[in-house]
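The values are calculated or read from the model by the stated rules, or taken from the named source; none is laboratory data. In this text the structure is predicted, and so the values were computed from the model without any measurement. Here the Cβ positions follow ideal geometry from the backbone for every residue, glycine too, while neighbour counts run over all protein chains shown.
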């Protein structure tokens, strides 16, 4: 199960009803924060999600509308009593930027780790959860993220019995450990679909995005501009139109698309949704405070 | 005339209805910003005051609740089309902190100047407006500010006539320039009271604050804690109680006191006002978005 809570949907500058980019994900007991524009801590409070379980922060890049809320977040996590390490992932340069921003926060009671990523890796975040990255096309180094929650194959008690494994050892097999000569794959069914969330902002559109986000349960994708005639401007500035985001979603066969990171110049936010739905029907404008729970297919 | 607009009244962390420290002042065509906690740009937008005329930013100190909004503000000023220089004043270390925070803002179309102050100076900000500073007692270098708008003495046309100054030269005398052997003080009345605004946060109470803010038209003063029994804690942490702020206001004979920078632990903000009024009747809790216009005495 993955819970997602969208904290902000604005790009460039916050509007009173359109706070800047930020999104929370909860997997097991762990909270992951993706981007944190100025004001994120206030919308986080509104969401009711606690700060303390946050051990992972993903930064797409270092423009202020994605990162100026970081000092406040680090302070809130500390104020909530966390003493376990917090790891910040981001593109090349994250170490220096974090050092800059931490200068205005007092001493932190937890260890702050920073991992710079190149944009072509897959790493295990925690048990069963993989973080993958793709370098995007923006005006500075920027990363798209994909989070995969694996699902263990179904355990077959009848086969375990047949192979003579005592019931007390079944949990070893379920956890992937052999018992005597019996290996886990002898007592489990075929691989099962897990859950996938892709987080794409800021970037212009390019072909490699489609395989990267393929089959996501949720694609959170920037949609800086509404109308198709802004495509050239989007390309120049390292952004997308609603139609381009929808095209990626359709080609990548994702299940849901949340449009986010709207330009303050988009006067009617719902226009973004209307335009995207012409290409990809399950598109929706991200809504501040919206929470979605993704479950495994037959749960 | 001085207009003042309070943008935030919270200390430490923002609450949904209590944004962090920030205050705008408008004198002539110039806008001055005092402190800018995270979220300042949104409340600034709500106020309706334009960003472009902002050429002066005063920073009390570098704790995140006073400064994390700076990148957003610098961006907004730029987005509003300002090309004239912007000067940031602050205590020792301002240069480095501003450099850190500017790292996440794109290139600015105006020159950003930084002036570090020791806390014992008076400088002319612009014509007729003096900025004075006092080093406060906080957990890091911190400044209180006083802004004085001078008022020219009254011009006496009858005496100018008597001394034979032609009417076409009166404006020279009014501007302080001698005309022939006639000096301005021969044709003007006694000195007249100007306007004074004092900005005090963060600090524990200490005697030198009283003469520094003496006779202010408005004292904006921190009041981190409500109850008197928090005085020891306030002292330790470099803050004040409502009673201590009111004591300064009374001893300094100020006209109005706005209480600000409340701890998030103050559950009933109006308790701060109630307690302060026991000592100083014209005390009031600062109210977000509140605007006050100070005028010369008989205007």
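Here are a few things to note about the model shown:
- Within segment B:158-178, tally of residues that are assigned to a loop (DSSP other than H, G, I, E, B) and over 18 Å from residue B:191 (Cα atoms): 4
- Summed over segment B:144-182, the residues that are more than 30 Å from residue B:92 (Cβ to Cβ) and touching a residue at least 40 places away in the same chain (Cβ under 8 Å) give a count of 2.
- Verdict on residue B:36 being closer than 26 Å to residue A:95 by Cα, crowded, with 23+ Cβ neighbours inside 10 Å and either facing chain A (nearest Cβ under 8 Å) or modelled with pLDDT of 95 or more (or both): yes
- Residue B:134 modelled with pLDDT of 95 or more, more than 30 Å from residue B:182 (Cα to Cα) and surrounded by 19 or more Cβ atoms within 10 Å (Cβ to Cβ): yes
- Considering residues of segment A:64-86 that are assigned to a loop (DSSP other than H, G, I, E, B) and over 13 Å from residue B:64 (Cβ atoms) only, the residue nearest to the other protein chains (Cβ to nearest Cβ): A:80
- Any hit, segment B:45-61, residues being farther than 22 Å from residue B:145 by Cβ, at pLDDT 95 or above, part of a loop (DSSP other than H, G, I, E, B) and over 16 Å from the mean Cα position of the chain (by Cα): yes
- Taking segment A:74-109 as the range and being surrounded by 22 or more Cβ atoms within 10 Å (Cβ to Cβ) and in contact (Cβ under 8 Å) with a residue 40 or more places away in the chain as the test, the residues that pass are A:89, A:90, A:91.
- The condition (being over 23 Å from residue B:106 (Cα atoms) and touching a helix residue (DSSP H, G or I) at 6+ places or on another chain (Cβ under 8 Å)) is satisfied by just one residue among B:70, B:25, B:20: B:20.
- Of all the numbered requirements in (1) in contact with a helix residue (DSSP H, G or I) (Cβ under 7 Å, 6 or more places away or on another chain); (2) buried (at least 20 other Cβ atoms within 10 Å of the Cβ); (3) within 13 Å of chain A (Cβ to nearest Cβ); (4) within 21 Å of residue A:13 (Cβ to Cβ), residue B:42 misses one, and that requirement is (1).
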